[in-house]
Amino acid sequence: MKYKDYYEILGVKRDAGADEIKTAYRRLARKYHPDVSKEKDAEEKFKEMAEAYEALKDPEKRAAYDQLGRHDPGQEFRPPPDWGQHFAQGQGGFDDIDLSDLFAGLAGQRGRGGARRSDRPMPGSDYEAVVRISFHQAFNGAEVDLELSALEWDADGGVRRVPHRVKTRIPRGVTDGEKLRVPGKGGRGRNGGPDGDLYLDIEVQVHPLYRISGQDLYVDLPLAPWEAVLGTSVNLPTPAGPVTLKVPAGSRAGQQMRLAGRGMARGSGAAGNLLAIVRIEVPTVVDDGQRKLYEELSAVSNFNPRAQLDQEAAR
Amino acid sequence: MIAPTDDALRLDTVTEVTWTQLVTASGLPEGELRELVQYGALVPTDPAAPTWTFESRWLVVARTASRLRRDFELDPHGVSVLLSYVERIERLEAELRSLRARLG
C-alpha cells in the first residue's frame with residue numbers, strides 16, 4: 001500500500017491542533033471543492049484533502065494514522081503488526097486496498113459495533129462514476145461497459161476492493177454534464193436492505209464539426225463569396241447522414257439555415273434542429289487572371305457594405 | 001454468463017420518487033432534509049399532500065446537499081443558500097455552452 005502524508009496534504013505540522021487542522025481543511029475546501037471550483041484537477045485534489053481530513057479530524061483515527069509511522073509520500077509500506085487489533089484484515093490483505101480503504105475499514109468496524117445493529121437491514125451505498133462518451137454515442141445512445149471498483153466488508157469487518165462491472169444503456173440525446181441513474185446498481189444492501197443506485201456523470205466529447213446547444217446542433221457552413229452571392233447547393237454532413245442543402249442567393253455571413261428535426265432527439269420526443277451558420281471564406285492567394293476579375297467587379301459594383309458607417313462618419 | 005444491460009435513466013423526466021427514497025439517496029438525516037424543504041431548497045410535487053413525492057431530478061439536488069453538508073460542515077440553512085448558488089452556476093454554464101455553440 002502506498003503511503004500518503006495526510007499532514008502534508010493539508011499543509012499542517014504533525015503536532016497541529018484540531019482547530020488548526022479544521023481551518024486548513026476549510027481553506028482548501030473553499031478553493032478545491034468540485035461543486036464550486038473550476039481549478040484544474042479540483043476534484044482529484046479535493047478527494048485527497050477530504051480523505052486526509054476524515055482521518056485527522058477524528059482523534060481515534062488520527063492516532064491510528066500516526067501509528068503507521070512516517071514515510072515518504074508514495075512509498076510502499078505495510079501497517080505494523082499490532083495495527084491489526086484496530087483493523088480486521090480482509091481476505092485480500094493489504095495489497096489490493098488503498099490507505100483510505102483502511103480507514104473506511106476502521107469506520108465500518110466501529111459502525112458495526114453491536115450485534116443488534118449489524119442485524120438491521122442496511123441499504124447499499126450509491127456509487128457515482130464519470131462516463132465519457134463521443135458525440136455520436138450521445139446522439140444515437142450507446143451501451144457502455146463500466147469497470148468500477150468497490151469496497152466490500154466481510155463478516156469480520158475486514159475490507160477489500162472488488163471489481164464491480166455494470167453494463168448500461170445510455171439513452172440517446174444526453175447532454176454534457178447530465179446525470180443519469182441506474183437503479184439498483186450501486187453497493188449491495190445488507191440484511192435484506194435495498195441495493196444502492198449508480199449515478200453517472202455524463203461527459204460528451206467535443207466534436208470537430210457539431211456543437212450542441214440543448215437539443216439543437218450548430219455547424220459552420222463555409223461559403224465562397226460568389227456562392228453566397230449567387231446561391232449554391234452543398235453536400236452538408238449531419239449526424240444522421242449527409243443532406244443536400246440549397247443555399248439561397250444573397251446569403252450573408254452569420255445567417256442561420258435551419259434543418260428541422262436534424263438535431264438531437266431525446267427519448268420519444270421530437271428531435272431538435274440542425275442550424276448551419278454561414279461563414280464567408282475568401283481565397284488568400286489569387287492568380288493574375290482572378291485578380292483582374294475581382295478588379296472588374298470592384299469597378300462595376302455599387303455595393304457598399306459600410307453604408308451605415310459612412311453615414312455615421314459624415315455626421 | 002452474459003451480464004444483463006441496465007437502462008441508465010434520465011432525471012429530467014416526470015418520474016417521481018418517494019420521500020423515503022429521497023432520504024435514502026441523500027444520506028442526510030430526515031429532519032435535515034425536511035428543513036431543506038422548509039427553506040425551499042427541495043420542492044415536493046404537492047407540498048400540501050399528506051405524503052410527499054418529488055420529481056426524480058431532486059435526487060441529484062438532495063445528493064449535492066448531502067455532499068455540501070459534509071464537505072463544508074454546514075448547517076441545513078447554509079446548505080440551502082449554497083444550493084441556490086450551485087443551481088445558478090449550472091444554469092449560467094448551460095447558457096454559456098449554448099451561446100458558445102451558436103458563436104462557434
(request) Please average, across the residues of B:92-102, the number of beta carbons from any other chain that are within 10 Å of each residue's own beta carbon, and give a whole number. (result) 4
(message) Only four residue types carry charge here, +1 at the Cβ of Lys and Arg and -1 at the Cβ of Asp and Glu. Report the dipole size of the range A:260-315 about the Cα centre in Debye, rounded to the nearest 20.
(response) 460
(message) Let me see the P(r) profile for chain B: every Cα-Cα distance counted, bins of 5 Å, each bin given as a percent of all pairs.
(response) 2, 12, 19, 20, 16, 12, 9, 6, 4, 1, 0
(request) Go through the range A:239-254 residue by residue and turn each phi into a ³J(HN,Hα) via Karplus (6.51, -1.76, 1.60, θ = phi - 60°); whole Hz please, and just put x for glycine and proline. (result) x, 9, x, x, 10, 8, 10, 8, 9, x, 4, x, 6, 9, 4, x
(message) About the Cα centre, and with charges only on the beta carbon of Lys, Arg (+1) and Asp, Glu (-1), how big is the dipole of the range A:120-221? Nearest 20 debye, please.
(response) 300
(request) About the Cα centre of the protein assembly as shown, how large is the charge dipole given +1 on each Lys and Arg Cβ and -1 on each Asp and Glu Cβ? Please answer in debye to the nearest 20. (result) 600
(message) Report, in listed order, any pair from A:LYS2/A:LYS40; A:LYS2/A:LYS185; A:LYS13/A:LYS57; A:LYS2/A:LYS47; A:LYS22/A:LYS61; A:LYS4/A:LYS40 with a Cα-Cα distance greater than 18 Å.
(response) A:LYS2/A:LYS40; A:LYS2/A:LYS185; A:LYS4/A:LYS40
(message) When a/c reaches 1.5 or more, the comparison of a/b and b/c decides; with that in mind, is chain A rounded, prolate or oblate per its Cα gyration tensor?
(response) prolate
(message) Below 8 Å, C-alpha to C-alpha, sequence gap of six or more: please give me the relative contact order for the range B:16-103 in percent.
(response) 30
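Under the definition of partner shielding as Cβ atoms of other protein chains within 10 Å of a residue Cβ, what is the mean value for peptide B:7-19?
Shielding by partners across B:7-19 averages 5.
The numbers here are math on the coordinates, done by the rules we state, and not lab data. Everything numeric here is computed off the predicted structure, so don't read it as measured data. No Cβ is skipped: glycine too gets one built from the backbone with ideal geometry, and neighbour counts run over all protein chains shown.
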